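Okay, so here's the structure we're looking at.
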Amino acid sequence: MSVVPVITIDGPTASGKGTITSQVAQALGWHVLDSGALYRLTALSALQKNVSLDDEAAVADVALHLDVSFGEQGAVLEGQLVADAIRAEDVGNAASKIAAYPRLREALLQRQRSFRVMPGLVADGRDMGTVVFTDAPLKIFLVADVRIRAERRYKQLMEKGISASLTSLLEDLQARDLRDTTRASAPLVAAADAVTIDSSHLSIEETVAKVLALWQRS
Ligand code: DC
């Protein structure tokens with residue numbers, strides 16, 4: 001068991017995990033693990049290398065040899081800043097598809113655990129509390145109504161000047177939720193010892209405050 005504290009924040013796509021994770025980490029002065037970015041980076045790298053997303057062994061191999069670092073501006077893959085590229089909807093869908101592969105998940109396990117360094121880590125994902133950091137002293141399961149998540153994602157895209165359809169975003173989220181929750185390997189599920197927070201009607205500040213209060217009490 002590691003002595004480095006970790007707070008896990010798991011939940012479905014667009015539940016606000018990324019924002020909550022970075023603000024909680026900032027408040028505590030801790031590191032951040034955006035595990036979804038590792039799945040997205042693997043998907044992007046596989047697409048760039050023309051590796052078939054249907055080939056589990058080849059995709060796992062891409063993950064094992066991923067040349068990636070996280071700088072001030074975000075993820076850097078093989079020397080290229082790909083912070084925006086990995087956020088594209090098609091890369092997200094590819095990531096969701098390959099995330100079902102047990103061999104890929106295994107290939108990313110050590111890389112994820114290596115983020116657990118002093119003074120602490122806030123880890124954002126789907127299986128942070130159930131698989132990667134099972135001994136975490138605080139596990140959060142962050143949920144929000146799928147319509148509200150679609151609207152939030154829509155607003156984010158609009159603000160970035162990216163056109164999108166609310167209906168297709170909603171359908172995409174529903175399809176991704178279904179895939180993430182029904183896959184055989186590490187499905188999206190709350191850990192038995194997780195605290196569920198429904199952020200549908202909470203602001204970012206209120207959600208962050210809830211997590212910090214739980215940490216102070218733990
Ligand atoms: O959180 P995100 O949308 O960036 O994640 C992209 C995909 O990666 C998502 O569809 C599910 C998958 N994922 C996963 O299976 N396990 C994680 N710990 C993080 C993400």
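Read-outs: derived from the displayed coordinates by stated rules, not from any lab. Just so we're clear, the structure is a prediction, and the values are computed from it rather than from any experiment. FYI the Cβ positions are ideal-geometry reconstructions off the backbone, even for glycines, and counts take in every protein chain you see.
For this structure, a couple of remarks:
- All Cα pairs of the chain, percent lying beyond 27 Å: 29 percent
- Spacing of the two label points (7 Å from each Cα toward its C-beta) at ALA57 and GLU205, in nm: 5.5 nm
- In this structure the amide hydrogen of ILE140, modeled in the peptide plane, comes within under 5 Å of the amide hydrogens of THR8, ILE9, ASP10, VAL195, none closer than 5 places in sequence on its chain.
- Pairs over the 24 Å Cα-Cα cut-off, from the set LYS17/LYS160; LYS49/LYS97; LYS49/LYS160; LYS97/LYS160; LYS17/LYS210: LYS49/LYS160; LYS97/LYS160.
- For the chain, share of DSSP beta bridges that run antiparallel, in % to the nearest 5: 25 percent
- Test item: Cα-centred dipole of the stretch 152-207, Lys/Arg +1 and Asp/Glu -1 on Cβ, debye: 280 debye
- Sequence-ordered 3J(HN,Hα) estimates for the stretch 7-22 from the Karplus curve with 6.51, -1.76 and 1.60 and θ = phi - 60° stand at 10, 9, 10, 9, x, x, 3, 6, 8, x, 4, x, 5, 5, 4, 5 Hz, glycine and proline given as x.
- Distance from the Cα centroid of the stretch 140-212 to that of the stretch 53-84 is 24 Å (rounded to whole angstrom).
- Sparsely packed GluC sites (Glu not before Pro) within the stretch 21-105, loop by DSSP, other Cβ within 10 Å at most 16: GLU72, GLU78
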